Every structure is written in structure tokens, then in C-alpha cells.
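The values are calculated or read from the model by the stated rules, or taken from the named source; none is laboratory data. As the structure is a computational prediction, the values presented were derived from the model and not from experiment. Cβ coordinates were reconstructed from backbone atoms using ideal geometry, including for glycine residues, and neighbour counts include every protein chain displayed. These area figures cover heavy atoms from the full protein model, side chains too; ligands, DNA and RNA do not enter into them. Shrake-Rupley method; radii C 1.70, N 1.55, O 1.52, S 1.80 Å.
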Amino acid sequence: MSDTPIRTLAEAHEDSALPRAHAVLTDDDAGAPFETLPLPPGVADEPFEDKSPAQWAYERLVLYIQNFESQLQPDEEVALGITGGDVGVLQIEGLGYFAPDILTFYGRDEDGARTQLIQHVSQLNVMLVAIPKPAAEDEARRIGFRLARGLTAERKG
């Protein structure tokens, strides 16, 4: 007898439409890997197959940034390490997308100069970096949580 559970056609179709994610961590005490957590309502409300590649990449980046920031110390902020070039890091001050396939990162470089990175989703390759918050700031700014609120607000209107 087979140990394979019997599923309805609707269940099989639903499973094929759900995004797939998986992660394994070396630290057993780290809790559930971020990729295995359920999507928040603002992201899960619209079927991912109805989203442009830019929107879907944007939404997942927001969640990654928010999760990364939740692990930072009070004197740290998130920055974006640009890979594949000699650009350095960009302190993230904003994130946007232009459907169907462009992402935009707004921020400042290590010297404080305003920067804007415009990237095609097929070239998306970034690294989140913890950097010291600017000394002039009272508290670290948490862009990930502001971006996550925007996911819900965008749906409302």
C-alpha cells in the first residue's frame, strides 16, 4: 500500500499555484527559516501568478529586508551590497518597482551621496549588510517595516 496521501484535483491545482520556498540553516536554535514562514496578507491576497516579475520580486525583497532588520542591533541599519561590480554599499532609504520588470533602490552610498540603483529583475543579485547607523540619528530607521506597511496600503488603494 502506498504512503502517498490522496489529494483532490483542486488541492493539486492549488499546490501548483503556491510559491515554493525552502531553506536550511546551520544554527538549530535560529527558529524557522524566513522562507518557510507564511506570506503576510498584503502579499498573499493577490495570486503570485497574476503579479509582474517586478512586483513579485519587490514584495519578497520587502519581506527579506524586514526580516533582516528584525535581527539587527539598535545601533545598526540595513544597507544593500551591490554585487557584480565595484559600487560598494547603499544605505536603503526606499525601494520601488516599475512593472513588469524593473526594481529601484533609493539610498545613500558610504560617503552620504544620494544614490539610485535601477535594476532589471533578471539581474537581481543583492546582499543585505548591517552597517552602523549614522551618529546624527537618534534611532536606527527600519525601512523594512515601513515597506511592509506599504504592501497592505498598495492593495487598498
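How big is the Cα convex hull of region 10-153 in projection, averaged over all directions, in nm²? Provide the component values of the computation, followed by the final result.
On the way: hull surface 41.7 nm².
Quarter of the Cα hull surface area: 10.4 nm².
Quick check: Cα centre of region 34-81 to Cα centre of region 98-113, how many Å?
Taking the Cα centre of region 98-113 as reference, the centre of region 34-81 is 16 Å away.
Can you tell me the FRET efficiency between ILE118 and THR26 if r is taken as the Cβ-Cβ distance and R0 is 41 Å, rounded to the nearest 0.05? Before the final figure, lay out each step's value.
Values: r = 35 Å, r/R0 = 0.85.
That pair, ILE118 with THR26, gives E of 0.70.
Send over a whole-number figure in Å² for the accessible area per residue of region 10-153, probe 1.4 Å. Can you show the working numbers first?
Details: 8910 Å² over 144 residues.
Accessible area per residue: 62 Å².
If I take every Cα pair under 8 Å that is 6 or more residues apart in region 10-153, average their sequence separation and divide by the length, what percent do I get for the relative contact order? It would help to have the intermediate numbers written out before the result.
Details: 201 pairs, mean separation 35.6, N = 144.
Answer for region 10-153 is 25 percent.
Would you kindly derive the ³J(HN,Hα) couplings of region 67-74 from the backbone phi angles with the Karplus curve 6.51 cos²θ - 1.76 cosθ + 1.60 (θ = phi - 60°), listing them in order in whole Hz, with x for Gly and Pro?
Result, rounded to whole Hz: 5, 4, 5, 5, 9, 7, 7, x.
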